[in-house]
Amino acid sequence: MPIAHDRYAVFGQPIKHSKSPRIHQLFAEQTGQSLVYTAQEVSAEQFAASAAAFFAEGGKGLNCTVPLKELAWAFADRKTERAQLSKAANTLVLQADGAILGDNTDGHGLITDLITNHAIALSGTRVLILGAGGASRGIIGPILDQSPKSLTIANRTTDKAYRLATEFSSKGVITGCGFDDLQHLQFDLIINATSASLNDQIPPLTKGSLAAKGYCYDLAYGDKPTPFVQWGWNNHALKSLDGLGMLVEQAAEAFFIWRGIRPKTQAVINLLNSERRL
Ligand code: NDP
């Protein structure tokens, strides 16, 4: 008789190049867990029906990526505090009573990669986030928890940056603005949370935006350095990183929520880095 494996999946659109199945397979091998993790192309219109069918057919947990995180949040019967705050969920969990719990592990992933993997402390620093979409929603709360001196959100559609800053204003010193307002301002850490890199573009940044000994972090990642990572190098960042480490760390947190075992991440990050076609 075939062994029944617990089933997990990532839903998104596009999903073909997702590294999540490989990451979770490596975690499962490392921790001796028996599970199957697949990637499924699901549009926003299909999401609610596809997620309901997945859980009805015995699925244990889902990851949700672009453009489904807000929909996944709405789909969840219950939300963790960090998902509630971000109004976006990247992890859904089937609970013992049949309810679906929504969580958001993106912020945990970013903070772990910055602080644990790269020794980049945020306390007392001036942080700039470019972009005000779903990813920004997930990382603002965890960044403010690190007590930066200030957090600025700059977005192409300025209203969205204002709205996000207002929403999180009770958690720390946070300001929303447009890209034009960034001239003459300096930051110790600039995080690119726009999807511009996916089209080989970069948000308009002025020379001098990055303070001496500052850092750059692009949430996007690819086989080649993203345009924003290159901007960081050209502007003398101490480190200019892409989001591969965050991807692995947010996956490890989801794995822990699902399986109760925390996988080791460094070996997986090293392996994925070695597989890049540079
Ligand atoms: P959304 O579609 O929700 O938001 C996209 C954001 O990018 C918006 O603020 C949008 O501005 C802005 N934007 C898009 N194109 C441009 C451009 N050419 N110039 C300036 N701004 C632009 O996407 P997400 O927030 O979900 O994802 C953002 C990025 O983060 C993606 O690259 C995604 O892959 C990455 N990500 C990585 C993770 C990881 O684990 N490493 C986890 C989550 C996300 P406007 O509002 O004006 O449209």
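Long-range amide H contacts for residue 174: which residues qualify at under 5 Å (H placed 1.01 Å from N, peptide plane, sequence gap of 5 or more or a different chain)?
Sorted by chain and number, the residues that satisfy this are 151.
Using 0.36 nm times the number of residues separating residue 29 and residue 270, minus their current alpha carbon distance, what extension gain do you get?
Contour length minus Cα-Cα distance gives 85.2 nm.
Mind checking which lysines have their C-alpha under 16 Å from residue 19, skipping anything on the same chain fewer than 8 residues away?
Partners within reach: 224.
Can you compute the FRET efficiency between residue 206 and residue 170 using 1/(1 + (r/R0)^6), with r the Cβ-Cβ distance and R0 = 30 Å? Round to the nearest 0.05.
The value I calculate is 0.45.
Taking neighbour counts of Cβ atoms within 10 Å as a proxy for exposure, in what order, fewest first, do 16, 171 appear?
16, 171
Straight-line reach from residue 87: which lysines have Cα under 18 Å away, leaving out those fewer than 8 places along the same chain?
Partners within reach: 69, 79, 160, 171.
Could you please rank 136, 169, placing first whichever residue has the fewest other Cβ atoms within 10 Å of its Cβ?
Exposure proxy ranking, most exposed first: 169, 136.
Sum up the charges of everything whose Cβ sits under 11 Å from the Cβ of residue 36, counting Lys and Arg as +1 and Asp and Glu as -1, but leave residue 36 out.
So the environment of residue 36 carries a net charge of +1.
Of 211, 154, 8, which is farthest along the charge dipole of the chain in the positive direction, counting Lys and Arg as +1 and Asp and Glu as -1 at C-beta?
Projecting each Cα onto the dipole axis, the largest value belongs to 211.
Place the peptides 244-254, 98-108 in order of packing, highest mean first, counting for every residue the other Cβ atoms within 10 Å and averaging per peptide.
The densest-packed peptide leads the list: 244-254, 98-108.
Kindly give Rg over Rh for the stretch 1-159, based on alpha-carbon atoms, with the Kirkwood expression for the hydrodynamic radius.
Across the stretch 1-159, the Cα-based Rg/Rh ratio is 1.01.
Tell me, in nm to one decimal, what length is gained between residue 118 and residue 160 on full extension, where the rule is 0.36 nm per residue of separation less the Cα-Cα distance?
Roughly 12.1 nm would be gained on extension.
Less than 10 Å Cβ to Cβ from residue 151, Lys/Arg counted +1 and Asp/Glu -1: what total charge do the surrounding residues give?
+3
We did not get these values from a lab; they are worked out from the coordinates using the rules stated. Note that the structure is predicted; figures quoted are calculated from it, not measured. Glycine gets a Cβ as well: all are built from the backbone with ideal geometry, and neighbour counts include every protein chain shown.
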